[in-house]
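Here's the structure, in C-alpha cells; my notes come after.
The values are calculated or read from the model by the stated rules, or taken from the named source; none is laboratory data. Because the structure is predicted, anything quoted here is derived from the model rather than measured. All Cβ positions, glycine included, derive from the backbone under ideal geometry; neighbour counts span all protein chains shown. Please note that ligands, DNA and RNA were not included when accessible areas were found on the heavy atoms of the full protein model with its side chains. Shrake-Rupley method; radii C 1.70, N 1.55, O 1.52, S 1.80 Å.
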Amino acid sequence: MMATVRLSFSPAPVHVRTARLVGVAVARRAGVAEELLDEVRLAIGEACTRAVALHRQYGLANLVQVEMSDGGNYVVRVIDRAPIEAGLGIAALPPEELAKESLTDEALTVGVGFALLAGLVEDLQVRPVDEGIGTEVRMVWPVAR
C-alpha cells in the first residue's frame with residue numbers, strides 16, 4: 001500500500017528544517033537504506049532551500065509544496081511557483097553572466113542548489129509543473145522491502 005505525505009509551507013528558510021526532518025522520517029518508514037538517509041536529508045534540504053530562494057527572489061507568497069510517496073521507490077517532489085526561466089536558476093546563465101558579482105544571494109542559492117542536487121541524487125528530474133507556473137524537482141531513492 002502506497003502512502004503519500006504532503007507538506008506546504010510559506011517561503012521562509014526556517015521551514016526547510018521541518019521538511020528535512022519529515023522527509024527523513026518518511027524515508028526511514030518507507031524502507032530507504034540507513035546509509036542513504038543523510039543523502040535524502042541533504043537533498044530535500046537543498047531542493048526546499050532552492051524553492052524558498054526562488055519565491056523570495058520573485059516576491060511570491062505562494063506556498064512551497066513537498067510531496068513524499070513510498071510506492072516502489074521513495075519519491076520526493078518539491079514544487080515552487082516561480083517563473084520557469086527562474087526555476088532553471090544560474091545553471092541557465094552564460095559564463096559571462098556568472099562572472100558578474102551582481103548575482104543575488106537567492107540566484108546563487110538556486111544555482112548552487114542544482115549543483116549539489118545533481119551530485120547527491122542519482123535519479124533527479126527538474127521540469128515545469130503540469131499546471132500553472134513553476135518547477136518540480138523530483139528525486140527518487142530505492143527502498144528495501
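Quick notes on this structure:
- Only one entry of Leu93, Leu108, Leu103 meets the criterion of being in contact with a helix residue (DSSP H, G or I) (Cβ under 9 Å, 6 or more places away or on another chain), open to solvent by 70 Å² or more (accessible area, probe 1.4 Å) and modelled with pLDDT under 75, and that entry is Leu108.
- Within region 15-45, the set of residues being assigned to a helix (DSSP H, G or I), in contact (Cβ under 8 Å) with a residue 24 or more places away in the chain and among the aliphatic types (A, V, I, L, M) comprises Val16, Ala19, Val22, Val26, Ala27, Ala30, Leu36, Val40, Leu42, Ala43, Ile44.
- Selection of region 46-81 for residues being of a type in the set (Asp, Glu) and assigned to a strand (DSSP E or B) yields Glu67, Asp70, Asp80.
- Evaluated against (1) open to solvent by less than 80 Å² (accessible area, probe 1.4 Å); (2) closer than 19 Å to Val137 by Cα, Ala25 falls short on exactly one condition, (2).
- Output for region 1-53, where each listed residue is of a type in the set (D, E, K, R) and within 22 Å of Gly134 (Cβ to Cβ): Arg6, Arg20, Glu46, Arg50
- Within the option set Glu39, Glu34, Glu46, being more than 15 Å from the chain's Cα centre (by Cα) and over 14 Å from Asn73 (Cα atoms) holds for one residue only, Glu34.
- Residue match in region 2-11 (condition: without any contact (Cβ under 8 Å) to a residue 12 or more places away in the chain and at negative phi): no
- Only one entry in Glu85, Glu34 is modelled with pLDDT of 95 or more and open to solvent by 40 Å² or more (accessible area, probe 1.4 Å), namely Glu34.
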